Amino acid sequence: MQERLQKVLAQAGVASRRHAEELILAGRVSVDGTCVRELGVKVDAARARITVDGKPLAHRERHVYFLLNKPKGYLSTAKDERGRRTVLDLLPEVKERIYPVGRLDNHTEGLLLLTNDGALMNGLLHPRHQVEKTYIARVTPSPSAQALIQLTEGVLLEDGKTAPALVRVVGREAGEARVEITIHEGRNRQVRRMFAAVGSDVRALKRIAFAGLTLAGVKRGAHRPLTAAEVAHLEELAGVRR
């Protein structure tokens with residue numbers, strides 16, 4: 001991914017972005033042997049040879065970002081001591097050490113982000129940023145109108161009351177219901193526990209959106225890299241400043 005040279009210098013710890021701009025304007029920075037004196041130059045930090053005052057810039061692992069449509073039966077972890085399948089088994093061609101952003105339990109499918117960008121990961125998961133996650137839950141019995149109100153207003157769990165959620169029924173059939181629910185918290189098995197608290201059992205659960213991203217065009221078990229615009233959007237949501 002190409003980024004502005006001053007941003008690359010700042011991320012490498014050479015200087016603040018403002019000071020990095022001063023270094024460039026002073027002619028103290030070279031890219032692949034050519035002195036750079038303009039601030040608009042973009043480089044791929046993983047490939048370009050960048051020097052400051054003749055000293056090579058320390059190598060920084062290239063940040064990568066992927067959106068995965070996780071199937072059931074895969075653990076949302078980088079490694080399992082018992083040898084069970086993990087989501088990394090679905091991205092065998094990726095050489096960087098990536099990690100899932102949050103977790104979907106073994107029986108939950110849907111949208112999962114994976115990256116080696118620790119700052120972005122931590123920002124997206126931090127409660128203060130209230131990053132939204134949307135799920136479709138197939139539940140039985142079909143929740144009553146009062147139960148839906150409870151879910152919307154927040155339900156009391158053993159670890160405290162949940163924040164208000166956006167809830168709507170998208171289908172009903174033979175005592176079951178398909179319910180779309182959007183939350184911004186990240187408690188363990190939260191959606192399943194919320195429905196249990198109002199008397200419904202989750203038979204199937206799929207995350208269909210996270211931080212404004214959706215599964216459009218990504219089949220179950222497949223993945224795609226995020227675009228530069230999507231990464232910038234996530235950085236804004238997560239409060240990441242490069």
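Here T77 meets each of (1) under 17 Å from L205 (Cα atoms); (2) surrounded by fewer than 15 Cβ atoms within 10 Å (Cβ to Cβ); (3) hydroxyl-bearing (S, T, Y) with one exception, condition (1). Only one of L112, L67 is in contact with a Gly (Cβ under 9 Å, 6 or more places away or on another chain) and within 24 Å of V179 (Cα to Cα). Can you tell me which? Testing whether each residue is in contact with a Gly (Cβ under 9 Å, 6 or more places away or on another chain) and within 24 Å of V179 (Cα to Cα) leaves just L112.
Of all the residues in the stretch 159-175, those that are touching a residue at least 12 places away in the same chain (Cβ under 8 Å) and either among the aromatic types (F, W, Y) or surrounded by fewer than 17 Cβ atoms within 10 Å (Cβ to Cβ) (or both) number 9. Evaluating E3 against the criteria (1) touching a helix residue (DSSP H, G or I) at 6+ places or on another chain (Cβ under 9 Å); (2) without any contact (Cβ under 8 Å) to a residue 40 or more places away in the chain; (3) surrounded by fewer than 18 Cβ atoms within 10 Å (Cβ to Cβ) leaves one unmet condition, (2).
Name the residues in the stretch 44-75 that are part of a loop (DSSP other than H, G, I, E, B), touching a helix residue (DSSP H, G or I) at 6+ places or on another chain (Cβ under 9 Å) and modelled with pLDDT of 95 or more, would you? Outline the logic, then answer.
Keep residues of the stretch 44-75 that are part of a loop (DSSP other than H, G, I, E, B), which gives 45-49, 53-54, 57-64, 71-74.
Of the ones still in play, those that are also touching a helix residue (DSSP H, G or I) at 6+ places or on another chain (Cβ under 9 Å) are 45, 48, 53, 57, 60, 63, 71, 74.
Scanning the stretch 44-75 gives P71, Y74.
In the stretch 179-231, the residue that is nearest to H107 (Cα to Cα) out of those that are acidic (D, E) and touching a helix residue (DSSP H, G or I) at 6+ places or on another chain (Cβ under 9 Å) is D201. Among the residues of the stretch 1-23, just one is modelled with pLDDT of 90 or more and under 14 Å from K55 (Cα atoms), namely L23.
Can A229 be described as hydrophobic (A, V, I, L, M, F, W, C) and either surrounded by fewer than 17 Cβ atoms within 10 Å (Cβ to Cβ) or out of contact with any His (no Cβ under 9 Å at 6 or more places or on another chain) (or both)? Quick ask: steps written out before the conclusion?
Numbers: hydrophobic (A, V, I, L, M, F, W, C): yes; either surrounded by fewer than 17 Cβ atoms within 10 Å (Cβ to Cβ) or out of contact with any His (no Cβ under 9 Å at 6 or more places or on another chain) (or both): yes.
Here the answer is yes, as A229 does meet what is asked.
Applying the selection to the stretch 143-154, what residues are in contact with a strand residue (DSSP E or B) (Cβ under 7 Å, 6 or more places away or on another chain) and either farther than 20 Å from I208 by Cβ or in the same structural domain as E109 (by TED's automatic domain parsing) (or both)? Correct list: G154 only. Between D80, D89, the distinction of being at pLDDT 95 or above, more than 22 Å from A228 (Cα to Cα) and not in a strand (DSSP E or B) belongs to D89 only. Would you check if E21 is free of Cβ contacts under 8 Å to residues at least 24 places away in the same chain and loosely packed, with under 13 Cβ neighbours inside 10 Å? It is false that E21 is free of Cβ contacts under 8 Å to residues at least 24 places away in the same chain and loosely packed, with under 13 Cβ neighbours inside 10 Å.
The values are calculated or read from the model by the stated rules, or taken from the named source; none is laboratory data. Because the structure is predicted, anything quoted here is derived from the model rather than measured. Glycine also receives a Cβ, built like all others from the backbone with ideal geometry; neighbour counts cover every protein chain displayed.
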